[in-house]
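Participant: Shown below is the structure under consideration.
The values are calculated or read from the model by the stated rules, or taken from the named source; none is laboratory data. Please read these numbers as outputs of a predicted model, since none were measured by experiment. Because the Cβ atoms are built from the backbone with ideal geometry, glycine has one as well, and the counts that use them run over all protein chains shown. Ligands, DNA and RNA are excluded from the accessible area calculation, which covers all protein heavy atoms including side chains. Shrake-Rupley method; radii C 1.70, N 1.55, O 1.52, S 1.80 Å.
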Amino acid sequence: PTWTEDQCDKVARGDVWIGMTYEMILVERGSADSENLSNYGGGDQWQWCWFDESPMCVYDDNDDGIVDSYN
């Protein structure tokens, strides 16, 4: 992949951060337990949740495959 050494280290540690790609979180956690696609007129937005992880859910607010927020 085109990940930096720092990004690889973060994924290996299990870190979650704003700006990471969905591909990175899939490598770190595996497939989400729940995937929710929403569109309220401003474009597609994704919520991915893992029930046994913390943070539990990550969000992609503009369907670009980049984590915009998490909780």
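Residue-by-condition table, conditions (1) surrounded by 10 or more Cβ atoms within 10 Å (Cβ to Cβ); (2) touching a Gly at 6+ places or on another chain (Cβ under 9 Å):
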| residue | (1), (2) |
| --- | --- |
| 4 | no, no |
| 16 | yes, no |
| 19 | no, no |
| 25 | yes, no |
| 36 | yes, no |
| 39 | no, no |
| 52 | no, no |
| 66 | yes, yes |
| 70 | yes, no |
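Participant: So in the stretch 34-67, with the set limited to residues that are assigned to a strand (DSSP E or B) and among the hydroxyl-bearing types (Ser, Thr, Tyr), which one is farthest from the chain's Cα centre (by Cα)?
Facilitator: 38
Participant: Continuing with this model, one more query. Which residues, counting only those in the stretch 1-33, are within 9 Å of the chain's Cα centre (by Cα) and not aromatic (Phe, Trp, Tyr)?
Facilitator: Of the residues in the stretch 1-33, the ones within 9 Å of the chain's Cα centre (by Cα) are 16-26.
Hits for the stretch 1-33 are 16, 18, 19, 20, 21, 23, 24, 25, 26.
Participant: Sticking with this one: All but one of (1) among the hydroxyl-bearing types (Ser, Thr, Tyr); (2) part of a strand (DSSP E or B); (3) open to solvent by 50 Å² or more (accessible area, probe 1.4 Å) hold for residue 31; which doesn't?
Facilitator: If we test residue 31 against (1) among the hydroxyl-bearing types (Ser, Thr, Tyr); (2) part of a strand (DSSP E or B); (3) open to solvent by 50 Å² or more (accessible area, probe 1.4 Å), just (2) comes out false.
Participant: Go through the stretch 35-63 residue by residue and tally those that are in contact with a helix residue (DSSP H, G or I) (Cβ under 9 Å, 6 or more places away or on another chain) and either basic (Lys, Arg) or modelled with pLDDT under 95 (or both).
Facilitator: Counting residues in the stretch 35-63 that are in contact with a helix residue (DSSP H, G or I) (Cβ under 9 Å, 6 or more places away or on another chain) and either basic (Lys, Arg) or modelled with pLDDT under 95 (or both) gives 1.
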